[in-house]
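Here's the structure we're looking at; comments come further down.
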Amino acid sequence: SSGINAEWPLRPGKSKERECKENGEEFSGTIQPWDIYHYMQITEKEQYSVDTEQLKQYFPMDVVTKGLLQIYQDIFNLRFEEISDPAAWHPEVKLFSVFDKTTSAFLGQFYMDLHP
């Protein structure tokens, strides 16, 4: 199996195992990569009373995103410029042009979809 061993300190496998049992399915002992976030959220809430919805109020998306983009610009000596009204699959998707901060050479573009 290409999944991830479910025996981590947070034990997300216990949530997966319980869910499989409730659905009458066999649990293989692994969690697929696409399931990690889901089971980590369940485990964090059950074992540590972490509610990600409550945490979001302390980390507003726009503030965190601006901060991360600034870190990337500083580390890699880049400049990002947001393109207004990009041709994208959703109105909240953003498009950025990337430039070398020193030479101003255009390096490319990237889309940012924070709500896939």
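The values are calculated or read from the model by the stated rules, or taken from the named source; none is laboratory data. For clarity, every value in this text was computed on a predicted model and none was experimentally measured. Heads up, the Cβs are rebuilt from the backbone with ideal geometry, glycines too, and the neighbour counts pull from every protein chain shown. Ligands, DNA and RNA are excluded from the accessible area calculation, which covers all protein heavy atoms including side chains. Shrake-Rupley method; radii C 1.70, N 1.55, O 1.52, S 1.80 Å.
Summary of values
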quantity	calculated
Carbon plus sulfur fraction of accessible area for the chain, probe 1.4 Å, in percent	55 percent
ALA87 paired with PHE27, simple spin-label distance in nm, labels 7 Å along Cα-to-beta-carbon	4.9 nm
The chain - mean residue ellipticity at 222 nm from DSSP helices (-39,500 (n - 2.57) per run, n ≥ 4, rounded to 500)	-11500 deg cm²/dmol
Measure of compaction for the stretch 50-100 (Cα Rg per 2.2 N^0.38 Å)	1.41
Angle in degrees between helix 61-76 and the longest Cα principal axis of the chain, rounded to the nearest 10	60 degrees
Positive minus negative residues near MET112 (Lys, Arg vs Asp, Glu; Cβ under 14 Å)	-3
Rounded accessible area per residue of the chain, 1.4 Å, Å²	75 Å²
When each of LYS16/LYS56; LYS14/LYS56; LYS14/LYS94 is checked by Cα-Cα distance, pairs over 30 Å	LYS14/LYS94
In degrees, nearest ten, helix 36-48 long axis to first principal axis of the chain (Cα)	60 degrees
Length gained when the stretch TYR37-LEU107 is fully extended (0.36 nm per residue, less Cα-Cα span)	22.0 nm
Convex hull volume per residue for the chain, taking Cα atoms only, in Å³	176 Å³
